[in-house]
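Since the structure comes first, as structure tokens, the remarks are kept for the end.
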Amino acid sequence: MRRGTATDGKRVLRLANGLQMRTGNLLAGCGLAAAALILAAWSTGLGLTDAGLADLLRALTGGSLSDAETYALLTVRLPRILLGFMVGWAVALSGALLQSIARNPLADPGLFGFSQGSMIMIMLLLVIAPVAPKSLVALAAVTGGLCVAGLLLWLVGGERSSGLSIVLLGIAVETVLSSFGSLLILYLPTETSIALSEWLAGSLFQANWSVIAAFTPLFVLGLVGSLLAGGATSAYDLGTEMAQALGEPVARSRPLILLFAVVLSAAAVTAVGPLVFLGVLAPHIAGFLSPAVGRARLLLSGLVGGMLVVAADALTRGIAGGLPLPLGLSLTMVGVPLFIIALRLQALRKLQSH
């Protein structure tokens, strides 16, 4: 490993295999990882039961805890923190992938209709089999998302289609699916409609180790696949025609990126329900903290997404107390002000540069 300078004057670290990473991106990633650990440690002490990080460390080193402390830490708080971080990472990573291939800063799984496709398949499954196992629910979510992705690829047509056509067709498909989902909720039995409405608002209330076990395989598959295919996103950021000119096999890589984006989105929807706007928020905030391309952008977006969800859950348990605040609402309360501040500072930075 040796230091160098990129063509734009930024400092980079060059690895022995020829890969290079910007020093600023590496420092930002380390800082975000450290901040995520601090946030998680603080979040373990939030709740009605007086237990926190010190109690957790005591239990891990062989100490004893009361039944209430064990339940609060190991059954409630740790699963919520872990699942929240993984779900936030998945949605943010999915949004970053879609923004690259669509060349649209507002692209996310909801805008393309992937979340709606997963939700409708889950709704239909729960109506037919209310006690369906988690694995079957996850399969239904992935199937719904893949059906929407396949429909989009078919409607878009050839490999020379622009990112704008994908976005416009995605909005059309999302509108139709959202209307169908609202119709389902309206005519389902009252108990089922209420339960689905709570789930559609986003929630970590059902977070437990079995949910994490069901979520992890899809998360790992989407994460590894996204990082393997993520190098192509730097070419897609220049546009489809430029990506082809650079030798990117668009006809093969674009469906592959869509596949991994769908897997990540469907896994998140299965675990906690849809998290509206997170796929837009996290990549923009990550880009403000440390502008990046390719895999570095994906990793930074995932870290920011995970931190936003953990912070939103901490807000729910710390400030709201026993109030059952939906995760989607608390995420909006945490993320949108940061998003506005980041955009404002970014605009001021551009004005100063000119």
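The values are calculated or read from the model by the stated rules, or taken from the named source; none is laboratory data. Nothing here was measured: the structure is a model prediction, and the numbers come from that model. Neighbour counts run over all protein chains shown; Cβ positions are idealised from the backbone, glycine included. Areas reflect the complete protein model, heavy atoms only, side chains present, ligands, DNA and RNA absent. Shrake-Rupley method; radii C 1.70, N 1.55, O 1.52, S 1.80 Å.
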Q: Report, ordered by the first and then the second residue, all pairs with beta carbons closer than 8 Å, sequence separation of six or more or different chains, a first member in region 54-66 that is farther than 16 Å from A41 by Cα and hydrophobic (A, V, I, L, M, F, W, C), and a second member that is modelled with pLDDT of 80 or more and open to solvent by 40 Å² or more (accessible area, probe 1.4 Å).
A: L65/R58
Q. So which of A232, A207, A140 is under 24 Å from the mean Cα position of the chain (by Cα), buried (at least 16 other Cβ atoms within 10 Å of the Cβ), among the hydrophobic types (A, V, I, L, M, F, W, C) and under 19 Å from R254 (Cβ atoms)?
A. A232
Q. Quick check: anything in region 280-294 at positive phi, aromatic (F, W, Y) and surrounded by fewer than 24 Cβ atoms within 10 Å (Cβ to Cβ)?
A. no
Q: Output yes when any residue across region 119-132 is free of Cβ contacts under 8 Å to residues at least 60 places away in the same chain, closer than 30 Å to S100 by Cα and among the small types (G, A, S), and no when none is.
A: no
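Return yes when A33 is of a type in the set (G, A, S), crowded, with 17+ Cβ neighbours inside 10 Å and at pLDDT 85 or above and no when it is not.
Working: of a type in the set (G, A, S): yes; crowded, with 17+ Cβ neighbours inside 10 Å: no; at pLDDT 85 or above: yes.
Taking the combined requirement at face value, the residue does not satisfy it.
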Q: Pull up region 48-64, narrow it to residues that are open to solvent by less than 40 Å² (accessible area, probe 1.4 Å) and assigned to a loop (DSSP other than H, G, I, E, B), then point me to the one that is farthest from A207 (Cα to Cα).
A: G63
Q: Kindly indicate which of M86, M121 is part of a helix (DSSP H, G or I), crowded, with 19+ Cβ neighbours inside 10 Å and more than 17 Å from the chain's Cα centre (by Cα).
A: M121
